[in-house]
Protein chains: 2
Amino acid sequence: MKEIADGLKALSEEVRLRLLLLLHSQGELCVCDLIGALNLPQSTISRHLSYLKNSGWVEGSRRGVWMHYRLTPQLSPLMREILDALAREAANRPETKRDAGNLALYRQNKQSDEAC
Amino acid sequence: MKEIADGLKALSEEVRLRLLLLLHSQGELCVCDLIGALNLPQSTISRHLSYLKNSGWVEGSRRGVWMHYRLTPQLSPLMREILDALAREAANRPETKRDAGNLALYRQNKQSDEAC
DNA sequence: TGACAATATCCGCTTATGCGGATATACGGT
DNA sequence: ACCGTATATCCGCATAAGCGGATATTGTCA
């Protein structure tokens with residue numbers, strides 16, 4: 001029971017929830033995309049990604065200096081179901097649209113030669 | 001988004017998760033039943049019930065000195081869906097059966113004239 | 001009115017947890 | 001090998017949060 005509670009603990013903090021919802025809708029993103037989308041300091045994003053990785057929500061893969069994250073395929077059916085429900089609920093919320101809009105803007109402004 | 005995270009915060013602590021799952025399966029229980037089921041101090045149970053009430057998960061009704069709790073009918077569809085999924089997952093877990101067994105035992109041993 | 005029981009709240013303590021800036025580490029390019 | 005960039009981790013700080021025993025409050029009964 002404690003493992004279920006611990007799995008949910010990841011979702012009970014707004015920054016991590018926003019990160020997971022972005023990864024849920026976008027598939028895979030690199031750290032700079034997530035920083036651009038959430039408009040938070042790099043250390044904040046990195047620390048939460050580390051937390052999510054350690055609690056079994058995401059996995060990361062390094063491509064040169066760039067680090068990419070996605071939902072882990074090993075997500076349990078329970079957590080997948082919960083995240084799906086959260087995603088449906090959040091889909092039309094202004095905060096979700098703001099994060100997605102920031103992401104699009106960030107990508108637009110990125111110089112192509114420094115793309116991750 | 002923070003309200004969703006705060007709603008989930010209630011579930012990210014084992015005692016509250018067990019309380020909610022018991023109420024989910026049993027409908028309505030009084031405080032002494034919950035104390036008997038979880039085998040935790042009265043103040044622990046009471047504090048968590050207060051938390052759950054304040055965060056919109058349960059409602060309480062007083063009957064004389066006895067206090068009864070149930071899931072609030074005003075639970076949002078999202079939270080209801082999440083709790084349903086958790087209940088299905090937890091249904092066959094040993095901890096869930098232990099709590100239900102303790103509840104049955106407690107009720108069996110209760111003197112009928114001090115029943116709540 | 002006083003005693004008793006049920007429950008809510010408080011208290012001191014301890015642990016958990018999030019923050020952003022600073023720094024350590026790793027990678028790639030020259 | 002050095003420099004620049006990306007990312008992970010650390011640090012000091014501050015706040016959050018859970019615990020069980022003690023206590024305050026409420027309701028009931030005689």
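Bear in mind these aren't lab numbers, they're just calculated from the coordinates by the rules spelled out. Small disclaimer: the values here were computed from a predicted structure and weren't measured. Counting neighbours? That spans all protein chains shown, and the Cβs are built from the backbone with ideal geometry, glycine included.
Sorted from shortest to longest, the distances between the A:G60 label points of this copy and the other copies are 4.4 nm, with each point 7 Å from Cα along the line through the beta carbon.
Taking the helices alone, the protein assembly as shown has a mean residue ellipticity at 222 nm of -19500 deg cm²/dmol, built from -39,500 (n - 2.57) per DSSP H run of at least 4 residues and averaged over all its residues. Think of the axis that spins chain B onto A; the B residue whose C-beta lies nearest it, and the distance in whole Å, is B:S12, 2.
Under 10 Å from the Cβ of B:E81, count the other residues' Cβ atoms, weight Lys and Arg +1, Asp and Glu -1, and hand me the total.
Working: positive: A:R88, B:R80; negative: A:E81, A:D84, A:E89, B:D84.
Its environment carries a net charge of -2.
When the listed pairs B:K2/B:K110; B:K9/B:K110; B:K53/B:K97 are checked against a 31 Å cut-off, the alpha-carbon distance exceeds it for B:K2/B:K110; B:K9/B:K110.
In peptide B:86-93, what is the residue-averaged number of other protein chain Cβ atoms found within 10 Å of each Cβ? Mind dumping the intermediate values first?
Details: counts 7, 0, 3, 7, 3, 0, 0, 2.
That works out to 3 on average.
For B:V58, nonlocal amide neighbours, meaning residues 5 or more places apart or on other chains whose placed amide H falls under 5 Å from its own, are B:K53, B:T72. Mean per-residue shielding of peptide B:4-15 is 6, counting Cβ atoms of other chains within 10 Å of each Cβ.
Compute the semi-axes of the equivalent ellipsoid of chain B, taking the square root of 5 times each eigenvalue of the Cα gyration tensor, and list them largest first in whole Å.
Working: eigenvalues 111, 55, 28 Å².
Its equivalent ellipsoid spans semi-axes of 24, 17, 12 Å.
Give, to the nearest whole percent, the P(r) tail of the protein assembly as shown beyond 34 angstrom, counting all Cα pairs.
Working: 7193 of 26796 pairs.
Pairs farther apart than 34 Å: 27 percent.
Unpaired Cys in chain B, meaning no second Cys C-beta under 4.7 Å: B:C32.
Return the average number of partner chain Cβ atoms within 10 angstrom of each residue Cβ along peptide B:16-26.
Numbers: counts 1, 5, 3, 0, 0, 2, 0, 0, 0, 0, 0.
Whole-number average of other-chain Cβ neighbours for B:16-26 is 1.
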